[in-house]
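Student: Right, I'll just put the structure down here and ask away after.
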Amino acid sequence: MPWAAYGRKPATSEQALGFTLMLKYNQGMADRAAWQDSFDHSPTRPAQFETMSGVPVQPVYGPDGAELPGQFPYTRGPYASMYRSRLWTMRQFAGFGTAADTNGRFKELLRSGGDGLSTAFDMPTLLGRDSDDPLAKGEVGRAGVAVDTQDDMETLFSEIDLGAVSTSMTINSPAAVIMAMYVGVADATGVPRGALSGTIQNDILKEYQAQKEFVFPPRPSIRLVTDVMRFASAELPRWHPVSVSGYHIREAGSTAAQELAFTLANGFAYVEAALGAGMAIDEFAPRLSFFFNAHMDFFEEIAKYRAARRIWARWLRDRYGASDGRSLQLRFHTQTAGVSLTAQQPEVNLVRVAIEALAGVLGGTQSLHTDSFDEALALPTEHAVRLALRTQQVIAEETGVVHVADPLGGSWFVEELTDEMERQAEEIFAHIEAAGSGSMLEGAYACIEDGWFIAEIAEASYQFQSKLAKGDWIQVGVNGYVEGDDTAPATLSIDPAVETQQVASLDAVKRSRDDDAVRQALARLVTEAADPTVNLMPALIAASRARVTVGESMRALETVFGTWYERSVV
Amino acid sequence: MSAERPVRVLVAKVGLDGHDRGLRIVARILRDAGCEVIYAGLRQSTDTITATTIEEDVDIVGVSMHNGAHLTLAPAVVDSLRAAGLDTPVIVGGIVPPADIPILKAAGIAAVLGPGASNEEVVATVLAAAAPVARA
């Protein structure tokens, strides 16, 4: 039977042979019986798995001997049953104004059935600057929520049981400081640390390459990353301490293959850093997660996700010696491409986002953020955010694409593109590895220090701009089908009073805290920062408890770690 | 100032925003068009922009903003230049809601370049804004 449909079938004797299955699994051989066993042991959503016209649909398709989802190297998906068990998490990123404003939005989200919170911090917080810092002027509470002290963090999560929700915090340079504040809130509200569940982005390498929210030089920054990883491993078993992110690399202008390769190379660098910090591979690798972009070239994006899973599985097993299946399964969040949105004829962005989101789903994403159509003009309005969420719901409920795992697997085109993505990524890995004399971590440092990543991304983004300029690539409404009378939708504006309020509340905290305790906490931070064998998390938690601000902790660390400046090369 | 001299453009990110893709592309487009581009890059303040404008004898300043802080930061750049006795025109590029454009112009911003601006539009806007200064 060349094209068998694998569904619920009678169990075979092979099912019981766990050892045989494990052996085959480790050899990367497709094993129908093993797949069937995993599938049968996975929960099934209450849904009709058939086409609109009533044709029954199997959970996966492919010829005998073809790779199956949930099996090494996971090209077809990390799990045997994929969306039949559980849809992706529809996780919309939000944060604005003061901690109290965002707390209100969080509580509303939880009341309406959400179970995951995703926190956007404002630019000063992301750069480790307090709201009263001269550099923060005009940016407090604008693109996210302002957090200066543990008091703000307590307000942000006020009346929310941190043991019962999953919280995602998108922050990098000050990740350890913010993580310490979150733990501080749990300690203060009697939630056991072990009950905390969520993700902190804590991916510093892509900051030097693309997002540019760096503070310290790369090496001490990596020490902070591994301090959070070690702390999470010891005390926060349900926490994801790093989300390795390609999203920003792509937004900065890279190609799909560069996004794939730089991101996975960064992942390998974190693996090497954690191994170097004395952790065991299967102790931390299952808690690493990824974050990719969903851009407009539909099949290339799907091929990128498939290649990512395959490459990660191979490298983790063959190069880093991981044996736990969860260490090999790349799981990822997806966000649609902000940079693909146009200010011209902005309603058309709804169509772009739908196509990009569909690519993420067909590529097997575990969670998804859909951009709002007005984001090329301003921060999104509530109306636009709702339409973005509805887009995901249409894909989930109306299209039927969720019935079958990896529905494009076996397409000659998609398989070829997947191989090509992998081939291009391996070429890039070879460059980085050579730059690091055999180490991916040293290679990352070297290619950051000589500006290689930035130059590669800038060149790719210039090439794309040139295609637009020459009309070799048509962007509807921009260099084709231009209307000239683009009507602007209503946009969101942030009340400038937020900055004044936040500065006043920071001032109140500073006046009411114990100054001796603050001095002692900062002195301890400086002493321990100078000793790379010490994990800084306990000192940061103590500082948070003493109401040391984010900016004060960061400046104290900066006296030891130094400051990173980007080489101004165009 | 010699009429033969190429237009000197300072391009910079003001404040903390790190979205520098547009700035880098604009720098290359202007360089390809024969301008002399001074790329100040990330995290510039009004003071550093004014100082560089003087040191580098700049004809026009381009600042890039994507984080919603343009109404605060862009007029501050203009004010800082004027306080130093400079009439150097300032162009803003990035995410600016259409309703904010008249506010920026009233605050002394010479022009605003939004997402999707073509290469020709970028060059024409910069040269037009620089022209009165270059003639002076």
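Here, each number is a calculation from the coordinates, and none is a lab measurement. From a predicted model like this one, the values you see are computed outputs, not experimental measurements. Virtual Cβ from ideal backbone geometry, glycine too; neighbours counted across all protein chains shown.
Student: What does the charge count around A:A530 come to, taking other residues whose C-beta lies under 12 Å from its C-beta (Lys +1, Arg +1, Asp -1, Glu -1)?
Tutor: 0
Student: Next question, about the same structure. Cα-Cα pairs above 21 Å in the stretch A:294-389: how many percent?
Tutor: Above the 21 Å cut-off, the stretch A:294-389 has 41 percent of its Cα pairs.
Student: Another question about this same structure. Say each of A:F93 and A:R45 gets a label point 7 Å from the Cα, pointing the same way as Cα to Cβ; how far apart are those two points in nm?
Tutor: Taking the two extended label points, one gets 2.4 nm.
Student: Excluding A:D514 itself, calculate the net charge of residues whose Cβ lies under 13 Å from the Cβ of A:D514, where each Lys or Arg counts +1 and each Asp or Glu counts -1.
Tutor: +4
Student: Calculate log10 I(q)/I(0) of chain A for q = 0.06, 0.13 Å⁻¹, where I(q) comes from the Debye formula with a single equal point scatterer on each Cα and nothing for solvent.
Tutor: Each listed q corresponds, in turn, to -0.30, -1.47.
Student: Can I ask one more? Helix-only estimate, please: 222 nm mean residue ellipticity of chain A, summing -39500 (n - 2.57) across DSSP H runs of length 4 or more and dividing by its residues, to the nearest 500.
Tutor: -14500 deg cm²/dmol
Student: Multiplying the sequence separation of A:A469 and A:D495 by 0.36 nm and subtracting their Cα-Cα distance, what value in nm do you get?
Tutor: 5.6 nm
Student: How much of the DSSP beta bridge set in the protein assembly as shown is antiparallel, as a percent to the nearest 5?
Tutor: Rounded to the nearest five, the antiparallel share is 10 percent.
Student: Measure up A:K107/A:K212; A:K137/A:K470; A:K212/A:K467; B:K13/B:K105; A:K107/B:K105 against 29 Å on the Cα-Cα distance and list the ones that go over.
Tutor: The pairs that break the limit, which is 29 Å between Cα atoms, are A:K107/A:K212; A:K137/A:K470; A:K107/B:K105.
Student: If you don't mind, there's one more thing I want to ask. What value does the stretch A:102-151 have for Rg/Rh, both radii from Cα atoms and Rh as Kirkwood defines it?
Tutor: Ratio value, two decimals: 1.08.
Student: Can I ask one more? For the residue pair A:A530 and A:A100, what label-to-label distance in nm results when each label sits 7 Å from Cα along the Cα-to-beta-carbon direction?
Tutor: So the two model labels end up 4.2 nm from each other.
Student: Follow-up question, since we're still on this one. Give the Rg (one decimal place) followed by the Dmax (whole number) of the stretch B:8-114, computed from C-alpha coordinates and expressed in Å.
Tutor: Over the stretch B:8-114's Cα set, Rg and Dmax evaluate to 12.4, 35 Å.
Student: Separate question: Give me the net charge of A:R555's neighbourhood, meaning all other residues with Cβ under 11 Å from the Cβ of A:R555; Lys, Arg count +1, Asp, Glu -1.
Tutor: -3
Student: What percentages, rounded to whole numbers, describe P(r) for the stretch A:416-558 computed over all alpha carbon pairs with 10 Å bin width beginning at zero?
Tutor: 9, 16, 17, 21, 23, 13, 1
Student: Right, something else. Toward the positive end of the charge dipole of the protein assembly as shown, about the Cα centre and with charges on Cβ (Lys, Arg +1; Asp, Glu -1), which of B:N119, A:Y445, B:I25 goes farthest?
Tutor: Ranked along the dipole, the leading option is A:Y445.
Student: May I ask for the equivalent-ellipsoid semi-axes of the stretch A:41-150, computed as the square root of five times each C-alpha gyration tensor eigenvalue and listed largest first in whole Å?
Tutor: Working from the Cα gyration tensor, I get semi-axes of 45, 18, 11 Å.
Student: Pop a pseudo-label 7 angstrom from the Cα along the beta-carbon direction at both A:W452 and A:E235 and give the gap in nm to one decimal.
Tutor: Label-label distance for A:W452 and A:E235, simple model: 3.7 nm.
Student: If you average over every viewing direction, what projected area does the convex hull of the Cα atoms of the stretch A:438-520 give, in nm²?
Tutor: 13.3 nm²
Student: Can I ask one more? Could you work out how much longer the chain between A:D318 and A:D507 gets when fully extended? Use 0.36 nm per residue separation minus the Cα distance between them, nm to one decimal.
Tutor: So the extension gain works out to 62.6 nm.
Student: Tilt of helix A:256-276 relative to the longest C-alpha principal axis of chain A, in degrees (0 to 90, nearest 10)?
Tutor: 60 degrees
Student: Looking at the stretch A:224-309, I'd like the Rg to Rh ratio, where Rg is from alpha-carbon atoms and Rh is Kirkwood's inverse mean 1/r.
Tutor: 1.04
Student: Going by how many other beta carbons lie within 10 Å of each one, how would you line up A:E356, A:E397, fewest first?
Tutor: Listing A:E356, A:E397 from fewest to most nearby Cβ atoms yields A:E397, A:E356.
Student: Going through the DSSP H helices of chain B, which span 20 Å or more along their own axis at the Cα atoms while scoring at least -0.5 as a mean Kyte-Doolittle hydropathy?
Tutor: Both cut-offs are met by B:119-135.
Student: For a Förster distance of 35 Å, can you work out the FRET efficiency between the beta-carbons of A:Q520 and B:A51, rounded to the nearest 0.05?
Tutor: About 0.35, to the nearest 0.05.
Student: I've got another one for you. Any chance you could give the angle, 0 to 90 degrees and rounded to 10, that helix A:452-470 forms with the longest Cα principal axis of chain A?
Tutor: 70 degrees
Student: I need B:R28, A:R86 ordered by Cβ neighbour count within 10 Å, fewest first.
Tutor: The order, fewest Cβ neighbours first, is A:R86, B:R28.
Student: Also, quick follow-up: Using only the alpha-carbon atoms, how far is helix A:412-435 inclined from the longest principal axis of chain A? Give it as 0 to 90 degrees, nearest 10.
Tutor: 40 degrees
Student: While we're looking at this one, here's another question. Apply the Kirkwood formula to the stretch A:479-553: the hydrodynamic radius equals the inverse of the mean of 1/r over all pairs of different alpha-carbon atoms; give it in Å with one decimal.
Tutor: Evaluated over the stretch A:479-553, this radius sits at 16.2 Å.
Student: Neighbour counts of other C-beta atoms within 10 Å: give me A:K510, A:K137 arranged from fewest to most.
Tutor: Going from least to most buried by this count: A:K510, A:K137.
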